Amino acid sequence: MFNPLPIVSAAILLLVSTFSISAESIWGGDYFPNTKLITHEGKTVKFFDDLIKDKIVAINFIYTSCPDVCPLETAQLTRVQKIMGDRIGNDVHFYSISIDPENDTPAVLAEYRQRFGAKWTFLTGDKEEIKDLRRKLGLYVEGIDTGPNKNNHNVSMIIGNQKTGRWMTRSPFENPHVLADQLGNWLSGWVSKQEGDDYDTAPELRSLTLGEPIFRTRCATCHSVDGVENEDDIGPDLLGVTKRREQQWLIKWLRSPDKMIANKDPIALALLKKYNNLPMPNLRLNQQEVMELITYMDELHDPNAAPATSLVSKLKAYRQSKVVALPVSVDVVAVMNAWVREAHPKATTNAGFMTLINVSDQPVRLIGASSPDFGIVEFHEMKMEDGMMQMNELEELNIEPGAQLKFESGGKHLMLKYPKRSLQYGDQTEITLEFAGGATQILSLKIIKDY
């Protein structure tokens, strides 16, 4: 879909020192084209005269219908925007230029900008002139965006100070604090004495599991992981997400979020509505990468902390297991905290617990359940009657729109009878829920010692 390696033309000066070049050098108006562009507000501007002359800038090329990398680029720049605050638009300027001007009108760009909470300028214009501009900036790879791949593009951006002549290409997925420092300090010529410990005292770097770099480069762009959500966040906080979401749903979501939205999965649509109609991009993860990512997130509490030691054994189990691709289907309800307590090997009954959430606008009626690991699965409820605790079987359960149905200890629960195999701590069991109308939903419940 895209070329991840930045292509730098000989005309682009990489930042290798702090010396300055005069504005009268080749890095002035005689080099940069004065391409006419149109802002997201419908204003016509000139690239050199109005956008970059005597300014510190960051420039990238995107298109709003891009399903994967462009949303990640934009989200990453919003993180830089938060770090730099009101410097954006004053002494540092961001520009995102569309490579698909036929579709990216000013109105489309304005809506895209608003969805991300971006405060910089988005631009469109003549497609061939924009292509020439990309060539001049060293951000165009000949031949990759023709034919059916017309919107493929080189994923890199350029930052620079036109007044001093300092320019460098950067990955838009660079650490946002590093990008903010380069834009706010390096390019303005700021230099300060660096103090710190000697490299000899640096701690030994720990080994990273496969899931951690995937999380840091893909997920952390749009999601926090501290248990706190701010009003302007563009995605949910991921702390404890493997406990909030049923695992099979999470696997399908990480593999094909675009398909789940297209199939009107109720959880996917609820997330889309909650986060300003900003869809999660398809990250192009394979099944193994998804499992490694879920394993990492399962024990993630602090994004800067090392994973727990039990992660290693979990990863080995995943890597040795037969990984089966799951079809993208529509789930009836959202599922949180699904688990089964580890039972005595000779026990003939067990219980399952979870929270089901009806995120649709129609009532849902749960009429049955089954499992390959148990002979019978029933709905039961413990309640006080005439001063005594009674256990009653429930034939069906209704969940109103927006309501929750809790299966919890001492209340409603799944009664799991006649186990067909011994389920130990760390195992999982599947439960198929059956709904009125013929719909079914498969859940994966963890076996734990206690909750």
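No lab work stands behind these numbers, since they all come straight from the coordinates. Note that the structure is a prediction, hence the values are computed from the model and not measured. Methodologically, a virtual Cβ is constructed for each residue, glycine included, from the backbone with ideal geometry; neighbour enumeration extends over all protein chains shown.
Remarks
- Shape category assigned to segment 357-440 from the gyration tensor of Cα positions, a/c cut at 1.5: oblate
- The distance between label points at Q287 and H380 comes to 3.6 nm (points 7 Å beyond Cα on the Cα→Cβ vector).
- Full-extension gain in nm, K420 to L397, via 0.36 nm per residue minus C-alpha separation: 5.7 nm
- Student exercise, segment 207-285 dipole from Lys, Arg, Asp, Glu Cβ charges, in Debye to nearest 20: 460
- Residue-span extension gain [K406 to Q390] - 0.36 nm each, minus C-alpha spacing: 3.9 nm
- Label-point gap, in nm, between D233 and E142 - each point 7 angstrom along Cα→Cβ: 4.8
- Each label was represented as a point 7 Å from its Cα along the Cα-to-Cβ direction; for A262 and S444 these points are 2.4 nm apart.
- The alpha carbon centroids of segment 342-383 and segment 210-253 are separated by 27 Å.
- Per-peptide packing, taken as the mean over residues of other Cβ atoms within 10 Å, places 228-241, 279-292 in the sequence 279-292, 228-241 from highest down.
- Relative contact order of segment 36-188, defined on C-alpha pairs under 8 angstrom at six or more residues apart (%): 31
- FRET efficiency estimate (nearest 0.05) - Cβ-Cβ, D226 to D361, R0 30 angstrom: 0.40
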